[in-house]
1. Report D for the protein assembly as shown in µm² per second (integer): Stokes-Einstein, Kirkwood Rh on Cα pairs, 25 °C, 0.890 mPa s.
2. What is the interface area between chains B and A, defined as buried accessible area summed over both chains with a 1.4 Å probe, reported in Å² to the nearest 100?
3. Suppose the chain between residue B:318 and residue B:414 were pulled fully straight at 0.36 nm per residue; how much longer would it get relative to their current alpha carbon spacing?
4. Stokes-Einstein diffusion coefficient for chain A at 20 °C in a medium of 1.002 mPa s, Rh from the Kirkwood formula over Cα pairs: what value in µm²/s?
5. Mind jotting down the distance between the C-alpha centroids of segment B:177-250 and segment B:25-44, whole Å?
6. Using 29 Å as the Cα-Cα cut-off, could you pick out the over-long pairs in A:252/A:309; A:107/A:147; A:141/A:264; A:141/A:392?
7. How would you order A:119-125, B:432-438 from highest to lowest mean count of nearby Cβ atoms within 10 Å?
8. Excluding residues fewer than 8 places away in the same chain, name every one of the aspartates and glutamates whose C-alpha is closer than 12 Å to that of residue A:12.
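The values are calculated or read from the model by the stated rules, or taken from the named source; none is laboratory data. Predicted model, so just to flag it, every value in this text is computed and none were measured. Backbone-built Cβ (ideal geometry, glycine too); neighbour counts: all protein chains shown. Please note that ligands, DNA and RNA were not included when accessible areas were found on the heavy atoms of the full protein model with its side chains. Shrake-Rupley method; radii C 1.70, N 1.55, O 1.52, S 1.80 Å.
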Amino acid sequence: MHDYGAFSYASKDEMIGKSKEFWNPDKTQFWQDSGVDLVIDRREGYYLWDMHGRRLIDVHLNGGTYNLGHRNPEVVAAVTAAMGHFDIGNHHFPSLARTALAEALIKSAPAGLTKVAYGSGGGEAIDIALKTARHTTQKRKIVSIVKAYHGHTGLAVGAGDQRFSELFLSDRPEEFPQVPFNDLDAMEQALRGRDVAAVIMETIPATYGFPLPEPGYLEAVKALCERYDALYIADEVQTGLMRTGEMWGITKHGISPDILVTGKGISGGIYPISAVLMSERAAGWLREDGFGHMSTFGGAELGCIAALKTLEICGRPEVRTMVHYISDLMQSGLADIQRDYPDWFTGVRANGVVMGLEFNHPQGAKYVMKHLYETGVWAIFSTLDPTVLQFKPGILLTPALAEEILDRTEVAIGKACAEVRGRGRRVR
Amino acid sequence: MPQPLEYLAEPAGVPRARQMLQQAQWAARAFAGYDRASVLRIAEAVADAAAAKARHYAEWAVRETGFGVVEHKVVKNEACSRGIFQTYRDTDLVTPRVDASRKLVSVPRPAGVVLALTPSTNPVATVYFKTMLALLTRNAVVISPHPMAKECCADAARMMAAAAVAAGAPEGVIQVVDEPSVPLINALMTDERTSVIVATGGTPVVRSAYSSGNPAIGVGPGNVPVLVDASADLAAAAKRIVASKAFDNSVLCTNESVLIVEESVADRLLAAMKREGALLLDSDGARRLREYMFGNGHLNTEVVGKPAAWIADRAGVRAGAKTTVLLAPFDLVVPEEPLAHEKLSPVLGVVRVPSAARGIDAARAVVRIAGAGHSAAIHSSDPATIMAYAASVPVLRVSVNVGNSTGSSGLETNLAPTMTVGTGFVGRSSLGANLEPKNLVNWTQIAYNADPREVMPSFTGIVPWAAPRGPVPPYPVASNAAGVLKAPPATLQPAASDLAGTATADELREHVRRLIVEELSHFVKN
Ligand SMILES: Cc1ncc(COP(=O)(O)O)c(C=O)c1O
């Protein structure tokens, strides 16, 4: 019997059955087929426990949502205390918590960003950013990267992979031209007509497996935006909040974007909220018609409290330095593993603790994911490039846990290698 | 799983302080792999930077706490920076030691994260001291200063941290708590990331260090008897005792508390002490002083580290402005006699005894009140008396023919120079000697089969440590830009430290050298 107070299940099997029956049959089955029979139960710090009680170290973090660990005590305490006074709030009125968070976000942000609008998830924030760019430039086209991922809301999905837009007949290729990543010529081609409202860029495209921008690429894209009068939107949903060793990854490129989007980790995984930071120029609609974007839950005040605490933690100098330590240990540890499997584990893409591990097989990351899962680590393959495993250590790891992750990873990579090699031989 | 209420109760500042311990863990992990040359380079750079600011922080500490004497704090600050470095530069606590004949190899293993609690009376000197000890042994240190001295200590710690990192130390190797509080200190002491607590301060803090569940080095309070017997060089004894009591207005825990003098030489000694600047109170003066200093049953902390003339004035006793020590006679060393307790001010109780043997009994009585395991002084030329004194007074250091402030703290004797005086088992401490670097290291011992047929190969030249190859940790540049970039873009560079001020490194070094030669040569051994 699994009793959770508000509900209970007789067994994990019963739960899986109901998940298919009432929730999402395809997704539920997908994981069973992938050898990952995970139903997350207890969670704490960088640990997850399956319903059966098996412990996993979380190196997926839901794209950085659990950057500070699960149920970070400081964030939980802040939100719990705030519940004595606040609720979601009323989105029509000047709001205590929204204003406080907006000020804190602007203080943390690259120069030139001055105003904040709120959503309740990353996709909504992306939609706000795209609407904002269209309003500012009075142009419609949004250029994004092939295999970009910005969420599944109305506009965001259009800027992403066709797999998701075509499913719902939401693809609008004429409004959402896409260019290959790291291809400046293609980018210039797309912008040359001066009919583009904005280029939207994940600072490191996450769902595409964290291919790294070539040195100078993002800087050149920003220059092209300026030349052809398009806004530069930095999607920092996965690269913000100290994950690259700076608060916002884009600042490592010296870029002051016109718009910056944050979500996921911003509220410590405790209360959903997302935010769009805009330059004064981009923020025109906030002066013209402040009711232009509305969302009852957008910027929920409890989320603002969670975000204020999260931002404070991420901004501590000790935390920044720790990310540098963690990044260094992880990268040198992974390099050691790579030396043992040179033609299986072929590369590491890394910027801070944003990491993608490359494997020499079209579905390589799925094998590694499965073996990591069996070895007690949860990390996910890249949906849009399954050769790459997303490897996202938390920013508050202790040295001991970081070493443990590396030990387990070494074993799992070895087992995945043996499985793939074995199967390969059988097929041939 | 932590109970929700437990973490809701964490007072402000505690979670961040815990993160400092975690950063310290990372720093200690990196530092533990440094080689000896790198360690010496870092320790020397920090000692230089600290010595160059000795006066700056001496003034600041006096201003902030109201305790002590700037000139004397300068001496202590220099002794605890440059002096400590010079004392231990040749003590290798980094390189593995090979004992071929016993087939043992010892590999040093630093404690890890040292939580250093520093007192209000010797604030910056103790910050300097514990930081130097940590650096010499490749430990990270988190300093929690006494709240009365938090500003000067925090600033001094940051200055040392900047100097350490500039010399190649791992980032986070020296950290300081800005807003110390009782719940915060308790949280740090009980946190499992703390490897060892080094507690200098009042009894409550030391006791809670020991009950924290973590390894701790804490020392008990002092209450120092000084015996002058008939064989002593009275002029020299008078001069040394008065200077010791005047030193930093007696805030060192090693300062003399009760003077015990043989009747036959008492008048001559006291007359000599008067010539050195002491004022001998009559019984009315002693009564007034007792009233003022212990009126409500315990030491009026207002007097701590204050000048003698100031204290006399407050007590309603007439004293000249040049008076540096107040001598307060009393008859019997018993707990209800306030003047027999620790005074942390330039007030010295005086008791006359008929013989050296009775003097030893009186000294035992002083230490029975407080100060077990701490220190005692004797001025005598008779080794038998000195031996009898040392054997029967339960203290762990007996300074002979020297002022005890600087004697038992090792500044004017060949004891280890220290700001932390171990009081041993008798003084409820795990440390029986003066705290020194070796107390912060364990050794992993490689032990070969003792059977002569099992031969231990040579370990000479096998050193598992290395110099850092750049900043630690390295700046996280994108992996595909590693050849292009090595450091953060200029806009993201941390603000330059205020470490060097306007002086260049050479100027600082020269300045330090001059100070050392002029003021410190007799304090600091080579
Ligand atoms: C880079 C990036 N942008 C936007 C989103 C969308 O966020 P959400 O799922 O909260 O709508 C995601 C989600 O994975 C993302 O990775």
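1. On the way: Rh = 31.7 Å.
The calculation lands on 77 µm²/s.
2. On the way: alone 23160 and 18310 Å², together 38380 Å².
Chains B and A together bury roughly 3100 Å² of accessible area.
3. Working: separation 96, 0.36 × 96 = 34.56 nm, distance 3.93 nm.
The residue B:318-residue B:414 span can extend by a further 30.6 nm.
4. Working: Rh = 22.4 Å.
It diffuses with D of about 96 µm²/s by this estimate.
5. When both Cα centres are located, 28 Å separates them.
6. Values: A:252/A:309 24 Å; A:107/A:147 32 Å; A:141/A:264 26 Å; A:141/A:392 33 Å.
Correct reply: A:107/A:147; A:141/A:392.
7. On the way: A:119-125: 24.9, B:432-438: 19.7.
Per-residue Cβ counts within 10 Å, averaged per peptide and sorted highest first, yield A:119-125, B:432-438.
8. Those aspartates and glutamates meeting the cut-off are A:3, A:37, A:41, A:50.
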